[in-house]
1. State all residues of the range B:33-49 that are in contact (Cβ under 8 Å) with a residue 40 or more places away in the chain and among the polar types (S, T, N, Q); if no residue qualifies, say none.
2. So which residues in the range B:87-115 are in a helix (DSSP H, G or I) and facing another protein chain (nearest Cβ under 8 Å), if there are any at all?
3. Quick test of your reading of the structure: B:Asp58 fulfils all but one of (1) under 22 Å from the mean Cα position of the chain (by Cα); (2) under 30 Å from B:Gln287 (Cβ atoms); (3) acidic (Asp, Glu). Name the failing condition by number.
4. Do we find that B:Arg73 is closer than 30 Å to B:Arg137 by Cβ and in contact (Cβ under 8 Å) with a residue 60 or more places away in the chain in this structure?
5. Going by the structure shown, is A:Ala47 in contact with a Lys or Arg (Cβ under 7 Å, 6 or more places away or on another chain), away from chain B (no Cβ under 11 Å) and among the aliphatic types (A, V, I, L, M)?
6. So if I check each of B:Ala30, B:Ala67, B:Ala81, which one is closer than 22 Å to B:Gly133 by Cα and touching a residue at least 40 places away in the same chain (Cβ under 8 Å)?
7. Sort through B:Arg101, B:Arg73 and tell me the only one that's charged (D, E, K, R) and under 15 Å from A:Leu59 (Cα atoms).
8. Does B:Leu76 satisfy the criteria of being under 22 Å from the mean Cα position of the chain (by Cα) and within 21 Å of A:Gly87 (Cβ to Cβ)?
Amino acid sequence: MASDSAIQLLDLSKTFGRRQKQVKAVRGINLEVTANQVYGFLGPNGAGKSTTIRMILDLIRPSRGEVHLYGQPIKQNRTILQKRVGGLVEGARFYPFLSGRDNLELIGRTGGFYDAQRIETLLEQVGMADRAARQAGGYSTGMKQRLGLAAALLSDPDLVILDEPTNGLDPAGIQEMRLFIRELVDEQGKTVFLSSHLLSEVEQVCDRVAIINKGEIIREGRVADLLAGQRQLHIEAEPLAGVTAVLGDHYSLTHENNGITLAAAKEETPQIVRKLVANDIAIFQVRSQRQSLEAFFLEATGERAEEQGSRGAGESVSPPSSKKEVSDD
Amino acid sequence: MINILRAEWLKINGNKWTTGFLIWIFPVGALAIVGFMSLFALFSPSFRENVHPMLWTDAFATPWSFANNLFGRTFLLGFTAVTFAGEYQWGTWKNIIPRQRRSLLLAAKFINLILLILVAFILMSLIFGFGYGLLSRIADVPYGPERTDAAIRDFLNDYALQSGLTFISVIIASIYAALAALLMKSILGGVIIGIGISVAEPLLIPAGLSFARMFNNDAWKHLGRLSPHLNIVNVSSWAKTDQGIAWLEPTVQLFNQTVSVNGLGFSIAVLATWVVLGVGLVLYLFQRQDITT
């Protein structure tokens, strides 16, 4: 087992309910997160992200498989979880009748790592020092998230698990959080496992990423590697219906910015242009661009097709069956 | 463990309204009652004339029985439900479970709430005992028995038994509420189901009698002997009268053995079994429970 492995998920599965009411939330996930990086965990709502995170934090018992932290199975050695991991799970929640500071003291005492000085330092770092004496019940979502981050870092853990940490933060807060997360890894040598629905954020912050959909990991790799070769062509032409008719059978097309965008390598451009010209279509602009992680994510999870479908037949330019597959790494 | 207990105490103490209304209401209520009665006795001759003599041994011991009646128990169930189900309702289990073993988290809850309840009842007992002494002095009525060594020794024995009984009763009530809270994951659900179990449990006695008739098997008649309620009443009877309750057969035939079932030892054994099994069940369920809130 790799010694620099912070998290290893081995055939991890979770099924809720029994018999007919069974819901397979996570299906045999295998994943390894090496230390000292920001690892992104992406997936649409209900994909199984939070269930996976809860299994890592021993809040949910896996139906099958194992969670290893720093090479140790938490089932047999829970101390590793208590000592080396800090987590913020899906919407920070606190005792509403206690102040922010008291909530941190309580968590610190529960874990046996209470340190009043560290609490003050963290409150300062997350921008909550001046509001720490107020009852947590009156905090906004953003304030709770900040306090949640402080709670996750209270034990000075090696591994920080953050489930949607920027939820409820304003744009400035989101930017602050991004920098803070990078600092945790780059300057403090920690490992961050981050789930987020803000794909652009993951693209900017994470070193590696896993995409989960319907309880299964469908892509995993370095963000740069995943996006390498994932190019798009943006075509502005008249009539667009003609473009759809010519290319619709071969590509997944999306109407964007008065044109059509499709996933295609730069090398395919001449051939596409020739086809369009041969069909009497006037081309005003053809632009090759790198696919964003967001577009890649939507492609990978099949959301784009669903999204197109839900927009109505008039706007749907390509049947799902004719979608061009994005090749696996 | 001290740190976990302190963390739990921070929580309980911080939830001032709940703790005040459901726990401190006992000593505060006692203080209000004896305070008002003493004031009335000071200023109203007619009230003074109507003050009945009371034994100080009873005045100190009676408040403990509050934990065993439905009214007192409802408060305690409510408090236990808040202690356990509150974590689900506030979504705070997820903050502390990754930091500590579940068994220790549960143990800290049980220890804190039982200690808190016992402190409240000790205070209530002292307030009531000394308060009624003051009232008796104002009203000039006897407050016996005479404080001889023998009387004090007897009182201490009875007091220890009565408070021990309350201790067990509180643990059993806590187990009901904790179980209900774990299953319902809501404070209100915990209180309602906890009260439901609390009310239903003494029904083991008539249920046993009905089953005996229904299945034509006398063994069912003894089902009620396993009820915590019946055994608490039995222990209480021993504390007050030095004998078990007289309205049930004192012995039953079990595996060709004659077993004394209204003896103090039998009742304590039944109650201890309930406590061990109950705490074990709560622990077992909690260990296996998925925390999804």
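The values are calculated or read from the model by the stated rules, or taken from the named source; none is laboratory data. Quick caveat, the model's predicted, so the values are computed rather than measured. Heads up, the Cβs are rebuilt from the backbone with ideal geometry, glycines too, and the neighbour counts pull from every protein chain shown.
1. Of everything in the range B:33-49, just one residue is in contact (Cβ under 8 Å) with a residue 40 or more places away in the chain and among the polar types (S, T, N, Q), namely B:Ser38.
2. Of all residues in the range B:87-115, those in a helix (DSSP H, G or I) come to B:87-89, B:93-99, B:102-115.
Result: B:Trp93, B:Lys94, B:Asn95, B:Ile96, B:Ile97, B:Pro98, B:Arg99, B:Leu105.
3. Just one mismatch for B:Asp58, condition (2).
4. On the way: closer than 30 Å to B:Arg137 by Cβ: no; in contact (Cβ under 8 Å) with a residue 60 or more places away in the chain: yes.
So B:Arg73 does not fit the description; no.
5. Yes.
6. Numbers: B:Ala67 fails: closer than 22 Å to B:Gly133 by Cα; B:Ala81 fails: closer than 22 Å to B:Gly133 by Cα.
Going through B:Ala30, B:Ala67, B:Ala81 in turn, just one is closer than 22 Å to B:Gly133 by Cα and touching a residue at least 40 places away in the same chain (Cβ under 8 Å): B:Ala30.
7. Working: B:Arg73 fails: under 15 Å from A:Leu59 (Cα atoms).
Result: B:Arg101 is the single residue among B:Arg101, B:Arg73 that is charged (D, E, K, R) and under 15 Å from A:Leu59 (Cα atoms).
8. Details: under 22 Å from the mean Cα position of the chain (by Cα): yes; within 21 Å of A:Gly87 (Cβ to Cβ): no.
The answer is no for B:Leu76.
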